[in-house]
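Please read the structure below before turning to the comments.
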Amino acid sequence: MCGIVGYIGHRKVTPIIVEGIKRLEYRGYDSSGLAIIDKNGELKIHKKLGKIIELERTLPAPSELEGTLGIAHTRWATHGKPTEVNAHPHTCCHGKIAVVHNGIIENYRNLRKKLESENHTIKSETDTEILVHLIEHFEHETKDLTAAVQQALKLVEGTYGIAVISSDHPRKIVAARKGSPLIFGIGRDEFFVTSDVSAIIIHTKRVIYLKDDEIVTIEPDHFEITTLDNKVVKAKISEVDWDVSSIEKGEFKHFMLKEIFEQPVSVENAFRGRLVSELSSVRLGGLNMTGEELRSIERLQIVACGTSWHAALIGKYIIENIARVPVEVEYASEYRYRNPIVPPHTPVFFISQSGETADTLAALYKAKAKGALAYGITNTIGSTIARESDGGVYIHAGAEIGVASTKAFTSQVTILTLLAVLLGRMRNLAPTFGAAFIKELQKIPQKIQQILDDNDKILEIAKTLVASKNALYLGRGVNFPVALEGALKLKEISYIHAEGYPAAEMKHGPIALIDENMPVVAIAPDDVIYDKIISNLQEVKARNGRIISIATEGDKRIIEHSENVIYIPKTMQTLQPLLSVIPLQLLAYHVANLRGLDVDQPRNLAKSVTVE
Ligand code: AGP
């Protein structure tokens, strides 16, 4: 999943598009490049391996890259290793056309053979370069850049968000999308294209979210949106409702730490306006479901990837526990190819922070093809999953830049607990529980702050993990998925191998891993299964495992079983995951930071996985 940016207007293009891709660097950061039409109408290309800082450091003098039209790209390699040749933009044989691309051209090998048989010289290992040669072929016939792009895309199978410029058409950008996000920005006498609004938010908040198979042709003073068959599209201009400060680090060293510390506010934003105290219940208007429809639900399916899947699993525990509605939780990448059974009256929920994850999107299309109603739980307004769903809930966590998801997770869990209470109150859940839940949920932001205030203590404990090679995370009940999430956070940013397990599963294998070198992080809040997890900790201690416990404040008994204890405030079991995950996020953050790693842009990862 790469990031692309394009600009056409009256200002110097290079600083605008470089700044733009820097804001998209969380999408992919192994190489980058740009192409501009300079003041002499020539196409100028500059590419560099590594982070965008390398591209910026090696850019020619501004006078050599002066123009008012250009495109840029930051890459997450899928086809062809990260090299300068494989970096984007890619150019055609005569070097007059340049393309940047986010997505995968699946039939590129066949197209490559055909193009090489027609004497096109393919320079890179990428799927993308095929596109620019196809466009060259049709531009030669049509002398029209838009028509050439339309013809070329008709031959392409796969996903794309692309932007194309040509020195033969020096006052034009042509951009198109299918499966990958692409947004058109309308400024004052200038226009932008981008994979994500964060790249252009400092310039404009007026955007058009392009749909699949739409193409925008942009010239200095006007634009036109058409389909691949050249039908004109009248598109709706949207206004982005957040500003650049939410994508600045402020006083924090990393976006991840900032986003961890934003959770008291983001959790409150998730439930704001959705609690109905007079009914001891909640309202999720975006679901577009009547009371009758909510009551007639016989089961749910929740489909997601990564951290969103962990939130889904917590949702299952809570919805089944308090609403007594059976829930199936599915990995999107399996669901889309598994021919899933979707019984009637089974709404299927798709959880995705970015709203653009390819596997989750494909699973959504799969469920809809089976006649199911699809509901999105997402953080990104205007995202494809949001637009393709029959209803849904925005989690309102604000922009999440750190690749390792934190505040989106707690907001997703908050929404799922609201859904559980809504479905429960539609059935046999007592109003007393509804009222108690609402009262306790409103205390959660302050309780999260209490844990954040212990950050320095958690940093000290993180120091005991820095040299570890492995770690085990244990939890029971609703805290088992929290253990999975804690392990994922450590894995993805510190590169320490970690696994989450239901604590009682240890005896069936993983306990063989326990010795004095194995840190074990145990989530052991004071609840109905407390005694059970204590005996699991005794099994670990008996084998010299080094235990870090997440325990309820005031619990003295846990100290004798733990090397270190991190206390969290007491709350009802349904809401525990919103507290127990916070220390795990901070532990992972500090370990990665102490190891001197790039916490916000971990190796091999990217924020939204728009290819499968
Ligand atoms: C989580 O920290 C990771 N970035 C990753 O597992 C992520 O949760 C997954 O790719 C799903 O992303 P989504 O929520 O945007 O669909």
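Just so you know, all these numbers are worked out from the coordinates, no wet-lab data involved. Just so it is clear, the model here is predicted, and its values are computed rather than measured. Reconstructed Cβ throughout: ideal geometry from the backbone, glycine too, with neighbour counts over all protein chains shown.
Given the peptides 116-124, 75-83, 393-401, arrange them by the average over their residues of other C-beta atoms within 10 Å, most packed first. List each step's numbers first, then the result.
Values: 116-124: 12.2, 75-83: 18.0, 393-401: 23.8.
Per-residue mean Cβ counts within 10 Å order the peptides as 393-401, 75-83, 116-124.
Over all distinct Cα pairs, what is the inverse of the mean 1/r for the range 382-436, reported as the Kirkwood hydrodynamic radius in Å?
Result for the range 382-436, one decimal place: 13.3 Å.
Which lysines have a Cα less than 20 Å from the Cα of Lys113, not counting those fewer than 8 places away in the same chain?
Of all the lysines, those that pass the test against Lys113 - Cα under 20 Å, at least 8 places apart if same chain - are Lys123, Lys154.
With the Cα gyration tensor of the chain in hand, give its eigenvalues times 5 under a square root as the equivalent ellipsoid semi-axes, listed largest first in whole angstrom.
Semi-axes from the Cα gyration tensor: 45, 27, 21 Å.
Express in % the proportion of alpha carbon pairs of the range 149-199 at distances exceeding 13 Å.
Of the Cα pairs, 64 percent sit more than 13 Å apart.
List the pair-distance distribution P(r) of the range 208-261, using every Cα-Cα distance, as the percent of pairs falling in each 5 Å bin from 0 up to the bin containing the longest distance, rounded to whole percents.
Percent of Cα pairs in each bin: 4, 15, 17, 13, 9, 10, 10, 12, 8, 3.
Using the alpha carbons of the range 167-266, what is the convex hull volume per residue in cubic angstrom, as a whole number?
Spelled out: Cα convex hull of the range 167-266, divided by residues, is 140 Å³.
Can you give the translational diffusion coefficient of the range 509-612 in µm²/s, computed by Stokes-Einstein from the Kirkwood radius over Cα pairs at 4 °C and 1.567 mPa s?
The Stokes-Einstein estimate is 83 µm²/s.
Which whole DSSP H helices in the chain pass both tests: a Cα extent of 24 Å or more along the axis and a mean Kyte-Doolittle value no lower than 0.5?
Answer set is 407-425, 577-594.
Which entries in the list Lys44/Lys236; Lys258/Lys489; Lys205/Lys439; Lys47/Lys96 go over 25 Å, if you measure between the two C-alpha atoms of each?
Flagged as over cut-off: Lys44/Lys236; Lys205/Lys439.
Based on the alpha-carbon gyration tensor of the range 41-149, what equivalent-ellipsoid semi-axes (square roots of 5 times the eigenvalues) come out, in whole Å, largest first? Provide the component values of the computation, followed by the final result.
Numbers: eigenvalues 115, 69, 24 Å².
Equivalent-ellipsoid dimensions as semi-axes: 24, 19, 11 Å.
When you have a sec, figure out the Kirkwood radius of the range 65-220 from all distinct Cα pair distances and drop it here in Å to one decimal?
Mean inverse Cα-Cα distance, inverted, gives 15.7 Å.
Where in the range 558-572 does the amide nitrogen come within less than 17 Å of the point 7 Å from the Cα of Lys463, taken along Cα to Cβ?
Under cut-off, by backbone N: 563-566.
For the ranges 103-112, 311-320, 219-228, 126-135, what's the packing order if you count other beta-carbon atoms within 10 Å of each residue, average per peptide, and put the highest first?
Details: 103-112: 18.6, 311-320: 23.8, 219-228: 14.9, 126-135: 26.3.
The most tightly packed comes first, giving 126-135, 311-320, 103-112, 219-228.
Using a Debye calculation, one point per C-alpha and no hydration shell, please list log10 I(q)/I(0) for the range 1-79 at q = 0.12 Å⁻¹ in order.
Taken in order of the listed q values, log10 I(q)/I(0) reads -0.29.
If each of Ile53 and Glu251 carries a label point 7 Å out from its Cα toward its Cβ, how far apart are those two points in nm?
2.4
Let me check I've understood the local charge: for Arg57, count other residues with C-beta under 11 angstrom from its C-beta, Lys and Arg +1, Asp and Glu -1. What total comes out?
0
Could you estimate the translational diffusion coefficient of the range 454-560 from the Stokes-Einstein equation, with Rh from the Kirkwood formula over C-alpha pairs, at 10 °C and 1.306 mPa s, in whole µm²/s?
So the translational diffusion coefficient is about 115 µm²/s.
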